[in-house]
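Below is one structure; the comments refer to it alone.
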Amino acid sequence: MSAKAISEATGKDLINRHVEVGGLIASRFVSISEKTDWHQIVIDHPWLKTERLVVKPDQLIKRRGKLGLIKVNVDLNSVKEWIGARIGKNQQIGKASGKLRKFIVEPFIPHTDDEEVYVCIYSHRHADTILFHHQGGVDIGDVDAKALKMDVHVGKTLQPFEIENGLLKNIKPETKKLLAKFIHNLHGFYLDLYFTYLEINPLVVKNEQIYILDLAVKLDSTADFICRQKWGEIEYPPPFGRDAFPEEAYIADLDAKSGASLKLTILNKSGRIWTMVAGGGASVIYSDTICDMGGASELANYGEYSGAPTEQQTYEYAKTILCLMTQEKHPKGKVLIIGGGIANFTNVASTFKGIVTALQEFQPKLVDYNISIFVRRAGPNYQEGLRVMREVGKNLLIPLYVFGPETHMTSIVGMALGKKPIPKETEVEFATANFLLPGGQSKDSPQQSRKSSTSSSSLTSSIIKEAAHIANQRAKEDMGLEQASPSMLFAKKTKAIVWGMQTRAVQGMLDFDFVCRRTEPSVVAMIYPFTGDHKQKFYWGHKEILLPVYKSMEDAITKNRHADVLVNFASLRSAYESTIEAMKYPQIRTIAIIAEGIPENMTRKLILMAEEKRVTIIGPATVGGIKPGCFKIGNTGGMMDNILHSKLYRPGSVAYVSRSGGMSNELNNIISKSTNGVLEGVAIGGDRYPGTTFMDHLLRYQADPDVKMIVLLGEVGGVEEYEVCEALQNNILTKPLVAWCIGTCAAMFTSEVQFGHAGSCANSDRETAIAKNKALKEAGAHVPQSFDTLGDLIQEVYEYLVQNDDIVPAPEVPPPTVPMDYSWARILKNDLGIGGVISLLWFQRCLPPYVCKFFEMCLMVTADHGPAVSGAHNTIVCARAGKDLVSSVVSGLLTIGDRFGGALDGAAKQFSEAYDTGLIPMEFVNTMRKKGQLIMGIGHRVKSINNPDMRVKIIKDFILEHFPSKPVFNYALEVEKITTSKKPNLILNVDGVIAVAFVDLLRYSGSFTREEAQEYIEMGSINSLFVLGRSIGFIGHYMDQKRLKQGLYRHPWDDISYVLPEQYNN
């Protein structure tokens, strides 16, 4: 959620601290709760005893005056009496019932009605609107119709004289300048502190002084990282009728500390229907379906988890919900719906393991509270996730039903509520593709219709027309005309640059390119400003390719002039700056902003700049978009099995636009089952102000002759759908449109609920999903009864178009053979080497060849130092004592530490810290001597400057020849010159040379960020080479002892030194 309401007390405190204008009287107030100590409050605020007072609840209640919830012109005793009669008591306000718990007490300001005015500022896509009316107070009525309005467009400012002329026409001349200055400063404050709504009613102007009486405000909570210093600690109270629960606060804290999204709102703690849904859009749809089926009064919670949470995070989330479920019993038992759409990038198996752990922990309570569980999920690694869930279901001793993408997303709701039968077995139609090793593939394959429901005669009669269409399309592609079409964002030859080290997303884009039979990869470069320019290895089909990674956006764009798309994976803190920078280059026509949580003021500035430069922005808060057969953005479309199943490797006839990124994959699935497939799909993003609107994309689809029908998935909040209604009524949109707005359940809740997306909250009746669905239907769109029947309606419209020859289904072409999983392909390559295996398994990336060779050299020189060293000795002793291989090797490894082997980590830290802090080598040596500390990695018992260690020399020569940058290594060599001048055996030894070289390769190989390099140093990864090398040697010693059949070891007496206590020496 972005726009969040704050209490009146918090709002007035912000104004007191940040609005400075002559005549404004600072608000005095006291907040009262059940814990208030009246005696102390009076001491702190003595005006409470001496002035007449006003008291009212401070719990986000609208129209308090009309409801009789304000008491004015009373003394302190009357205030206490009035609050005492209401605090902690139930209060019915509209449909909401709740307890009054917080009040605000202020001095009473005597004034007349003609001294009251009304001021309101609210934000929308292109401007802030200021409303002003010369009359205020509880009887103001329809302020939208009465007030004077002035728009302040994004990036513009108003001058006081403009406010005088535009808003203050009905104000006395003597107070105009005072009010104009106040409103001017108030709007500046509104912008600086990232407000989204501010209403003062009434504002009293009396004797050249301004008093703020009643205040209602909302802040853009995503701007916390910008405004924290100005805001201070901000509390966002729940709407009236819903108490704040500690469990909600706990999940909110988890959410704040995570890059994922975790939301929880408790609606009815005693309810029997609980949900644990993945995805912001999917969570709304499940709530809609539960309410549609009569479960609104029993719906216990709203919540969602998304954005690839970790196993631990989903465990904590699931544990919290299960704890709430098992606090009160229900006579009918309870149901838990673990649902979700088809994920784009969230690892279903990983998240389900967290949920399974929580279920196992709560198993006795699940039985005791008679809980049934219904599961439906799909996406990356979903088969393993569902398998784990089924396995645990056998041991929970409760009903647990598990379904995948073969089942409609919300079918489990009907099953859980007893409205639909529960199938005993489901036909799993959604199978992982055949992943083959490199080899040929047949081009001659039997053809079949893309939509089996279409009659064969219809297909036969139109095959010539379709062939001609395909030939014409290919001719346009070959001539480059397809790319030039203004209605197309993406084509077969679209090239993109990816901002961020998102290797998984890039590999997914390249895999998609391959199955779409593109001739060249769609990704030409990556931008990662936290490291130097380098190459990153990927797979293109069965071949390895290298993509350049640039530190500078300028280099990436200017060196790839044919790239016109930027996929921006920058974080919410840097996405704004990186997008602004990208729009400086005219070649960039489309930018996809993936990050969620960009402050609204920043997004509005991006929209303004994009419109000026004619750049299309998809997002923020989106997974992106897809054009089957051509191009996909990032993780859109999910894993390869979903791409193949939903036939996204070739174009269909249906284009869709959705708010929700998660639901876009579900739409891919629904449309592939109901029609001949998707031609293009875009998720515009769940934020309040997406970079492009529904109409931007619908107009493109209207202009594209290949789009035969359109699907729109909107949601509660905003008014963009009404632009679609006008376009339908004015025949601007003439193609068949199937539309549905999710969030119909909002009308059934007794208090306001903010759903998963920042923009999914209705601020008026017009913004509700029910009102928008009704308007769309009246305008001529095809609107289903619910999301449950969306697929049926899409199929009905599609089949009508086929019968009229508006759509001609093409023969189905099988996709190319998909390469075997690439992680296995890397391991099986003959020339990978042990160094390459280490790079993949330890560092999760392909490191340059010289790094892999360095690893192998280190293993060779550390493998064995003979049988006399402590680790080898321990291994030998254990082997001769009859212990097994593992025990013997472990006993040797346990001796590794600062005195033996562990010097690698110590040397790395000492030398890198000395180098980083700017100590010259002599200062470093002197500092260590003063501390009485040894310099790790310096010194040898046998070797010296005159009798060098050849192993060290070989490694030194390799480093000098192959390492691109080696400042820490060079620093260590200078230290060696100083130490050997004091004593010839104080040389840089094997541990030291490996350690400093390892630091240099981590920092300067171009494969790691500086933060990653430091993390690897601190976690002890450098010592890993010593551990692995010595393990090889220890195993050799173990085998020697077993092969020689050596007996129990006994240490010689003359090598044992000990001292007897003095009393035994006489």
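The values are calculated or read from the model by the stated rules, or taken from the named source; none is laboratory data. The structure presented is a predicted model; accordingly, all values stated were derived computationally and were not measured. Quick reminder, even Gly has a Cβ in these numbers, built from the backbone with ideal geometry, and neighbours come from all protein chains shown. Only protein heavy atoms, including side chains, enter the accessible area calculation; ligands, DNA and RNA are left aside. Shrake-Rupley method; radii C 1.70, N 1.55, O 1.52, S 1.80 Å.
Give the range 910-935 a look and list any residue that's within 14 Å of LEU973 (Cβ to Cβ) and within 46 Å of the chain's Cα centre (by Cα), or say none.
PHE911, ALA914, TYR915, ILE920, PRO921, PHE924, ILE935
How many residues does the range 356-407 contain that are among the polar types (S, T, N, Q) and in a loop (DSSP other than H, G, I, E, B)?
Residues flagged as among the polar types (S, T, N, Q) and in a loop (DSSP other than H, G, I, E, B) within the range 356-407 amount to 3.
Would you confirm, using the coordinates I've provided, whether ASP75 is more than 41 Å from the chain's Cα centre (by Cα), within 30 Å of HIS39 (Cβ to Cβ) and open to solvent by 30 Å² or more (accessible area, probe 1.4 Å)?
Judged against the criteria, ASP75 is a match.
Can you pull out every residue in the range 219-247 that is assigned by the TED database to the domain that holds SER123 and among the hydroxyl-bearing types (Ser, Thr, Tyr)?
SER221, THR222
So in the range 365-413, with the set limited to residues that are hydroxyl-bearing (Ser, Thr, Tyr) and at pLDDT 90 or above, which one is most open to solvent (accessible area, probe 1.4 Å)?
Among residues in the range 365-413 that are hydroxyl-bearing (Ser, Thr, Tyr) and at pLDDT 90 or above, the one most open to solvent (accessible area, probe 1.4 Å) is TYR401.
Take THR579 and decide whether it is of a type in the set (Val, Ile, Thr), open to solvent by less than 30 Å² (accessible area, probe 1.4 Å), out of contact with any Cys (no Cβ under 7 Å at 6 or more places or on another chain) and more than 23 Å from ILE342 (Cα to Cα).
Yes; evaluated as a whole, the condition is true for this residue.
Take the range 331-355 and flag every residue that is farther than 22 Å from HIS645 by Cα and outside any helix (DSSP H, G or I).
The first filter runs over the range 331-355 and keeps only residues farther than 22 Å from HIS645 by Cα, leaving 331-338, 350-355.
Answer for the range 331-355, where residues must be farther than 22 Å from HIS645 by Cα and outside any helix (DSSP H, G or I): PRO331, LYS332, GLY333, LYS334, VAL335, LEU336, ILE337, ILE338.
How many residues does the range 7-23 hold that are farther than 17 Å from HIS187 by Cα and surrounded by fewer than 15 Cβ atoms within 10 Å (Cβ to Cβ)?
Total satisfying the criteria: 0.
Applying the selection to the range 1032-1054, what residues are of a type in the set (A, V, I, L, M) and either at positive phi or open to solvent by less than 80 Å² (accessible area, probe 1.4 Å) (or both)?
Of everything in the range 1032-1054, just one residue is of a type in the set (A, V, I, L, M) and either at positive phi or open to solvent by less than 80 Å² (accessible area, probe 1.4 Å) (or both), namely ILE1035.
Give all pairs with beta carbons closer than 9 Å in which a residue from the range 725-741 that is touching a residue at least 60 places away in the same chain (Cβ under 8 Å) meets a residue that is open to solvent by 90 Å² or more (accessible area, probe 1.4 Å); count only pairs at least 6 apart in sequence or on separate chains.
Between residues of the range 725-741 that are touching a residue at least 60 places away in the same chain (Cβ under 8 Å) and residues that are open to solvent by 90 Å² or more (accessible area, probe 1.4 Å), the close pairs are PRO736/TYR800.
Say whether the condition of being on the phi < 0 side of the Ramachandran plot, open to solvent by 40 Å² or more (accessible area, probe 1.4 Å) and without any contact (Cβ under 8 Å) to a residue 40 or more places away in the chain is met by at least one residue in the range 586-597. Before you say what the answer is, go through the steps one by one.
Within the range 586-597, the subset on the phi < 0 side of the Ramachandran plot is 586-596.
Narrowing further to those that are open to solvent by 40 Å² or more (accessible area, probe 1.4 Å): 586, 589, 596.
Applying the additional criterion that residues be without any contact (Cβ under 8 Å) to a residue 40 or more places away in the chain yields 586.
Yes, the range 586-597 contains a residue that is on the phi < 0 side of the Ramachandran plot, open to solvent by 40 Å² or more (accessible area, probe 1.4 Å) and without any contact (Cβ under 8 Å) to a residue 40 or more places away in the chain.
Could you list, in sequence order, the residues of the range 838-858 that are without any contact (Cβ under 8 Å) to a residue 24 or more places away in the chain, open to solvent by 40 Å² or more (accessible area, probe 1.4 Å) and assigned to a helix (DSSP H, G or I)?
LEU841, PRO849, GLU856
Conditions (1) assigned to a helix (DSSP H, G or I); (2) surrounded by 14 or more Cβ atoms within 10 Å (Cβ to Cβ); (3) among the β-branched types (Val, Ile, Thr); (4) free of Cβ contacts under 8 Å to residues at least 40 places away in the same chain, marked per residue:
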site: ARG766; (1), (2), (3), (4): yes, no, no, no
site: ILE770; (1), (2), (3), (4): yes, yes, yes, yes
site: ASN773; (1), (2), (3), (4): yes, yes, no, yes
site: GLU778; (1), (2), (3), (4): yes, no, no, no
site: PRO784; (1), (2), (3), (4): no, yes, no, no
site: LEU790; (1), (2), (3), (4): yes, yes, no, no
site: VAL797; (1), (2), (3), (4): yes, yes, yes, no
site: VAL802; (1), (2), (3), (4): yes, yes, yes, no
site: ASP806; (1), (2), (3), (4): no, yes, no, no
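Just give me the residues in the range 477-531 being open to solvent by less than 20 Å² (accessible area, probe 1.4 Å), part of a helix (DSSP H, G or I) and modelled with pLDDT under 90, in sequence order.
Residue satisfying the conditions is GLU482 alone.
I need the full set of residues from the range 926-958 which are in contact with a Leu (Cβ under 9 Å, 6 or more places away or on another chain), outside any loop (DSSP other than H, G, I, E, B) and among the β-branched types (Val, Ile, Thr), in order please.
THR927, ILE938, VAL952, listed by residue number.
Starting from the range 541-558, keep only residues that are assigned to a strand (DSSP E or B), then list their pairs with residues that are modelled with pLDDT of 95 or more and of a type in the set (Val, Ile, Thr) whose Cβ atoms are within a distance under 6 Å, requiring at least 6 positions of separation or different chains.
The qualifying pairs are TYR550/ILE527.
Restricting to the range 249-283, name every residue that is open to solvent by less than 10 Å² (accessible area, probe 1.4 Å), polar (S, T, N, Q) and outside any helix (DSSP H, G or I).
SER261, THR275
Return the total of residues in the range 296-314 being open to solvent by less than 10 Å² (accessible area, probe 1.4 Å), outside any strand (DSSP E or B) and among the hydrophobic types (A, V, I, L, M, F, W, C).
Number of matching residues: 1.
Could you give me the residue pairs with C-beta distances under 8 Å whose first residue belongs to the range 695-718 and is within 15 Å of VAL682 (Cα to Cα) and modelled with pLDDT of 95 or more, whose second residue is surrounded by fewer than 24 Cβ atoms within 10 Å (Cβ to Cβ) and basic (Lys, Arg) wherever it lies, and which are 6+ apart or on separate chains?
TYR701/LYS735; GLN702/LYS735; VAL707/LYS735; MET709/LYS735; ILE710/LYS735
Return a yes/no flag: does the range 604-615 have any residue that is small (Gly, Ala, Ser) and either under 19 Å from the mean Cα position of the chain (by Cα) or not assigned by the TED database to the domain that holds ALA505 (or both).
Within the range 604-615, none of the residues are small (Gly, Ala, Ser) and either under 19 Å from the mean Cα position of the chain (by Cα) or not assigned by the TED database to the domain that holds ALA505 (or both).
How many residues, within the range 150-173, are assigned to a helix (DSSP H, G or I) and in contact (Cβ under 8 Å) with a residue 12 or more places away in the chain?
Result for the range 150-173: 7.
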